[in-house]
Amino acid sequence: KKPLQIPIGGYLLLNGAMNCFAIFRLFGSTTIANGITVIGALLFFISDVILFFVRFDKNCKIKTHFWVKIAYLAGEFLIILGLLL
């Protein structure tokens, strides 16, 4: 095992908590802006999960950071867009 697996696993748990709060916000007030924020938070989480597997799983079929960056940029954009709306 690599030494960063445990801290990154903890980070993914915190990132999952962010998704839970975004979903709770959507349930509290069902608006397009909150829906966009949830989609952005999920894409941000997906980018981190892909990055985790690219870095630490030797059998991972994905060997490039292209999908990590696409999901990250789209997630960040949608989070900010949802908060601005």
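Quick look at the values:
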item	result
Mean accessible surface per residue for the chain, computed with a 1.4 Å probe while every protein chain stays in place, in Å²	70 Å²
Point-charge dipole on Cβ atoms (K/R +1, D/E -1) for the chain, about Cα centre, debye to 20	400 debye
Sites matching trypsin sites (Lys or Arg not before Pro) across the chain that sit in DSSP coil, with at most 15 neighbouring C-beta atoms within 10 Å	K1, K58, K61, K63
Of all accessible heavy-atom area on the chain, the percent that carbon and sulfur account for (1.4 Å)	76 percent
Calculated Cα Rg over 2.2 N^0.38 Å (choose from (i) 1.19; (ii) 1.07; (iii) 1.44), label	(i)
Selection from F24, L13, I62 lying farthest towards where the dipole of the chain points positive, charges on Cβ	I62
Full-extension gain in nm, R55 to L13, via 0.36 nm per residue minus C-alpha separation	13.4 nm
Between helix 32-56 and the chain: long-axis angle, C-alpha atoms, 0 to 90°, nearest 10	0 degrees
Inter-label distance, nm, simple model (7 Å from Cα along the C-beta direction), F77/C20	3.0 nm
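The values are calculated or read from the model by the stated rules, or taken from the named source; none is laboratory data. Fair warning: this is a prediction, and the values are worked out from it, not measured in the lab. Using ideal geometry, Cβ is built from the backbone for each residue, glycine included, and neighbour counts are taken over all protein chains shown. Areas reflect the complete protein model, heavy atoms only, side chains present, ligands, DNA and RNA absent. Shrake-Rupley method; radii C 1.70, N 1.55, O 1.52, S 1.80 Å.
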